[in-house]
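Asker: Take a look at the following structure, please.
Values quoted throughout were computed directly from the atomic coordinates according to the rules given, and no laboratory measurement underlies them. Only a predicted model underlies this, so the values are computations on that prediction, with no experimental measurement involved. Here Cβ is always computed from backbone atoms with ideal geometry, including for glycine, and neighbour counts include all displayed protein chains.
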Amino acid sequence: MLRIEFERQRDGAHFRRCGVTALRASVILALTAACASPRPAPLVPPEIEFVSRSAWGAQPPVLPMRAHRIERLTIHHTGTNQNHSRTVSQKLQGLQLFSQRNDSLASGRRKPAWADVPYHFYVGVDGVDGEGRDWHYAGDSNTAYDPAGHLLVVVEGNFQRDTLTTAQRRTLDILVPSLARRFRVAAEKLASHRDYAQTECPGANIYSELPRFRELIRRRQ
Ligand SMILES: [Zn+2]
């Protein structure tokens, strides 16, 4: 790496782009990182099948959203039946329709319209990962906790009774440590909805996986 930076310094082309002609090597190395840092690694590792917002046909947010700084990684479940016959794109389209309108919940309580889907990532039953709300903005919740600072991953199913499919487990085992590393979330800051609010979410069969996810994060940091 160091050798490459010095070669760039010699040819000078890179630094002209940044408006720098002559600086001490240490300063130049720092500027190299600032001016020519490679594009950030993709949010989702390439070994996971990922469906971006544009690929699933997301509508833009319908309300203002709150910018936030990610400090935690928080797991949810959808609480719905695992559906093997619809694609993640179809599920996210449906979730967005529900999210962006006033509606009522299974409990009978009213849900206000949200700006967008409440979660940042959606892991379908087939292990496909769909892009949810722009992670620069806090999610939403029906329960009494403030999701600001939380990167929200939702997993399709009701894990009070369902278990992770092989494909979901594989995706989560890659996605969770990768996101934790990318956003500098320590293993201790990985938790689940029920750790913050009065809810069963994400179900006992995901909750029991959290220690294993934390261990995967520790191994990658
Ligand atoms: Zn939840």
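Asker: Indicate the gyration tensor shape class of region 159-221 (rounded, prolate or oblate), computed on the Cα atoms with a ≥ b ≥ c the square roots of the eigenvalues: a/c under 1.5 is rounded; otherwise a/b larger than b/c is prolate and the rest oblate.
Answerer: In terms of gyration-tensor shape, oblate.
Asker: Then there's this: Convex hull over the alpha-carbon atoms of region 50-220: what's its volume per residue in Å³?
Answerer: 106 Å³
Asker: I've got another one for you. How large is ³J(HN,Hα) for each residue in region 117-128, as worked out from phi by the Karplus curve 6.51 cos²θ - 1.76 cosθ + 1.60 (θ = phi - 60°), to whole Hz, x for Gly and Pro?
Answerer: Once θ is set to phi - 60°, the couplings for region 117-128 become 4, x, 10, 8, 9, 10, 9, x, 4, 8, x, 6 Hz.
Asker: At 0.36 nm per residue, and after removing the present C-alpha to C-alpha distance, how many nm does the segment from Arg170 to Glu71 gain when stretched out fully?
Answerer: 33.2 nm
Asker: While we're on this one: Quick one: order Lys91, Lys111 by neighbouring beta-carbon count within 10 Å, fewest to most.
Answerer: Ascending Cβ contact count within 10 Å gives the list Lys111, Lys91.
Asker: Return the sequence-ordered ³J(HN,Hα) values of region 100-112 in whole Hz as given by the Karplus equation 6.51 cos²θ - 1.76 cosθ + 1.60 applied to θ = phi - 60°, using x for Gly and Pro.
Answerer: 8, 10, 5, 8, 10, 8, 4, 6, x, 5, 7, 10, x
Asker: Can you list the residues, at least 5 places off or on another chain, whose amide H is less than 5 Å from the amide H of His77, using H built in the peptide plane?
Answerer: Sorted by chain and number, the residues that satisfy this are Val155.
Asker: Can you put Ser104, Ser89, Ser192 in order of Cβ neighbours within 10 angstrom, beginning with the fewest?
Answerer: The order, fewest Cβ neighbours first, is Ser104, Ser89, Ser192.
Asker: Most exposed first by the Cβ proxy, i.e. fewest other Cβ within 10 Å, how do Arg220, Arg169 rank?
Answerer: Going from sparsest to densest Cβ surroundings: Arg220, Arg169.
Asker: Something else about it: Which of rounded, prolate or oblate describes region 63-113 when judged by the alpha-carbon gyration tensor and an a/c cut-off of 1.5?
Answerer: Oblate is the answer for region 63-113, as a/c is 1.5 or above yet b/c matches or exceeds a/b.
Asker: While we're looking at this one, here's another question. In terms of modelled amide H atoms, which long-range or inter-chain residues lie less than 5 Å from the amide H of Leu190?
Answerer: It is Leu73, by chain and number.
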